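Participant: Shown below is the structure under consideration.
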Amino acid sequence: MSAEEKRVNLTCAEAKECLNVILGWVRSDDSRDASVQELVPTGSVEEAREAAGNDMVALMTRVYPIIATLTAAAIAPLGYSKDGAGVLQFERSVQALLPQDAELARLHSELRSYYLPAVVFPPPNSNSSNP
């Protein structure tokens with residue numbers, strides 16, 4: 001493990017606080033400080049979501065990079081690196097904590113809803129081509 005990939009022991013409280021910060025930045029440009037505004041210009045999240053519509057590939061290529069940039073800015077004070085590796089490490093840490101806290105799971109799901117569309121599966125045995 002390199003110096004950039006140091007181990008961070010994330011607590012549920014830290015994860016919830018961090019997700020709340022990220023969600024605040026995603027929801028409102030006004031909640032971002034100047035350093036975050038430099039990383040993600042005003043209106044970019046909403047513009048990217050509108051441009052992507054409900055197309056999963058477009059959401060992942062247009063919206064996810066913005067969310068990842070905001071996430072990197074939010075997790076750096078916790079000791080994570082400010083790059084994709086840090087975002088991935090944070091995501092893995094949050095995933096490990098999800099079964100322990102319903103509020104954390106709700107916040108995580110809400111953040112994911114910005115870059116992953118809801119997937120609706122057809123009911124079982126609804127395939128009309130098989131009689």
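The values are calculated or read from the model by the stated rules, or taken from the named source; none is laboratory data. Quick caveat: nothing in here was measured; it's all calculated off a predicted structure. For neighbour counting, all protein chains shown are included, and Cβ atoms are generated from backbone atoms with ideal geometry for every residue, glycine included. Note: accessible area is taken over every heavy atom of the protein model, side chains too, but ligands, DNA and RNA are not part of it. Shrake-Rupley method; radii C 1.70, N 1.55, O 1.52, S 1.80 Å.
Participant: Looking at (1) open to solvent by less than 30 Å² (accessible area, probe 1.4 Å); (2) more than 23 Å from S28 (Cα to Cα); (3) touching a Lys or Arg at 6+ places or on another chain (Cβ under 9 Å), which is the only condition S93 fails?
Facilitator: So S93 meets the others, but not (3).
Participant: Going through the stretch 60-81 one residue at a time, which ones are surrounded by fewer than 17 Cβ atoms within 10 Å (Cβ to Cβ) and assigned to a loop (DSSP other than H, G, I, E, B)?
Facilitator: G79, the sole residue that qualifies.
Participant: Further, regarding this structure: Of (1) open to solvent by 80 Å² or more (accessible area, probe 1.4 Å); (2) touching a Lys or Arg at 6+ places or on another chain (Cβ under 6 Å), T42 satisfies all except one. Which?
Facilitator: Every condition holds for T42 apart from (2).
Participant: What's the number of the condition T61 fails, among (1) more than 27 Å from L10 (Cα to Cα); (2) over 14 Å from the mean Cα position of the chain (by Cα)?
Facilitator: Evaluating T61 over (1) more than 27 Å from L10 (Cα to Cα); (2) over 14 Å from the mean Cα position of the chain (by Cα) leaves (2) as the failure.
Participant: Go through the stretch 45-58 and give me each residue that's of a type outside the set (D, E), exposed (fewer than 13 other Cβ atoms within 10 Å of the Cβ), part of a helix (DSSP H, G or I) and over 16 Å from the mean Cα position of the chain (by Cα).
Facilitator: Answer for the stretch 45-58, where residues must be of a type outside the set (D, E), exposed (fewer than 13 other Cβ atoms within 10 Å of the Cβ), part of a helix (DSSP H, G or I) and over 16 Å from the mean Cα position of the chain (by Cα): just A51.
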